[in-house]
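The values are calculated or read from the model by the stated rules, or taken from the named source; none is laboratory data. Fair warning: this is a prediction, and the values are worked out from it, not measured in the lab. Cβ sites come from the backbone with ideal geometry, for glycine too, and all protein chains shown count toward neighbours. All accessible areas refer to the heavy atoms of the entire protein, side chains included, with ligands and DNA or RNA removed. Shrake-Rupley method; radii C 1.70, N 1.55, O 1.52, S 1.80 Å.
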Amino acid sequence: MKTMKTMKTLIIIPAYNEEGSIAAVIADIRGHVPEADIVVINDGSTDRTEEIAKASGANVLTMPYNVGIGGGMQTGYIYARRQGYDVAVQMDADGQHPAKELPKLIEQASRYDLVIGSRYVESTSYRSPYMRRIGMIFFSQLVTLLTRQQFTDTTSGFRAAGRKVIDLYASYYPIDYPEVESLVYLKRHGCKITEVSTEMHRRKAGRSSITPARSVYYMIKVTFSVIMSAMRYNRTAVIK
């Protein structure tokens with residue numbers, strides 16, 4: 001079994017107008033996992049995100065227009081598959097995911113197909129807004145019910161994927177708010193998933209794209225998508 005030091009690791013950072021935080025995020029990664037490669041998916045930013053990311057030493061893939069988190073992340077996983085990485089870690093560009101937690105995820109990726117950094121599997125200092133916390137609880141309970149595996153933080157975007165998941169995500173990745181639906185998709189394909197406790201911070205700079213109106217859309221759209229994905233999962237299980 002490969003160790004964290006011997007696994008070829010890629011950090012994927014989707015970024016849209018994150019000029020205020022991207023340099024600090026890259027520097028934080030360099031300080032904690034200097035052996036990892038970094039690719040920033042510049043998702044059609046209109047600010048200096050691309051320029052600053054390149055100056056900070058990261059590889060940058062620039063989308064011709066804003067394709068959203070799903071399209072950006074799938075691009076990162078396609079890159080990871082083509083370059084033969086053992087592990088691909090998704091990490092936000094806004095400073096919410098501290099790089100000191102990366103070794104926890106990467107180490108477990110040698111044993112599991114997907115490792116999720118969770119704010120709630122153990123008590124941490126993170127405190128989310130009330131309505132967002134309600135949504136997190138709802139989706140965690142929904143995915144737990146549909147997959148028969150306990151999840152505490154299905155909306156976490158801090159994740160480490162092994163080769164099996166890299167290949168699956170390169171072939172298909174949900175478009176809108178994909179974190180929740182993608183878990184059911186992986187369970188359909190027999191993936192081993194675990195959560196590890198990680199600290200997270202509030203956004204360090206810029207503005208979140210999740211407005212109250214988008215939150216309502218998110219709840220409705222993702223709920224239907226997750227249920228449909230689970231139905232396909234159950235139908236496949238019956239056929240087998």
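Roughly speaking, what is the stretch gain from K8 to M231, that is 0.36 nm per residue apart minus the C-alpha to C-alpha distance, in nm to one decimal?
That works out to 76.8 nm of additional length.
Using a cut-off of under 13 Å, list every residue of the stretch 70-111 whose amide N is near the label point 7 Å from the Cα of E122 along the Cα-to-beta-carbon line.
Correct set: 101, 104-105.
Once the Cβ-Cβ distance between Y65 and H32 is put in as r, and R0 is 22 Å, what FRET efficiency do you end up with, to the nearest 0.05?
Once the sixth-power term is evaluated, E becomes 0.10.
For the full complex of protein chains and a 1.4 angstrom probe, list L146, L114 by accessible area with the highest value first.
L146, L114
Report, to two decimal places, the Cα Rg of the stretch 9-231 normalised by 2.2 N^0.38 Å (N = number of residues).
0.94
Mind listing which chymotrypsin sites (Phe, Trp or Tyr not before Pro) in the stretch 18-94 are in a DSSP loop and have 15 or fewer other Cβ atoms within 10 Å?
Of the chymotrypsin sites (Phe, Trp or Tyr not before Pro), the ones in loops of the stretch 18-94 whose Cβ has at most 15 other Cβ atoms within 10 Å are Y65.
Can you give the local net charge around E122? Use residues other than it whose beta-carbon is closer than 14 angstrom to its beta-carbon, Lys and Arg +1, Asp and Glu -1.
-2
I'd like the carbon and sulfur percentage of the solvent accessible area for the stretch 57-188, probe radius 1.4 Å, heavy atoms only, ligands and nucleic acids excluded.
The value for the stretch 57-188 is 50 percent carbon and sulfur by accessible area.
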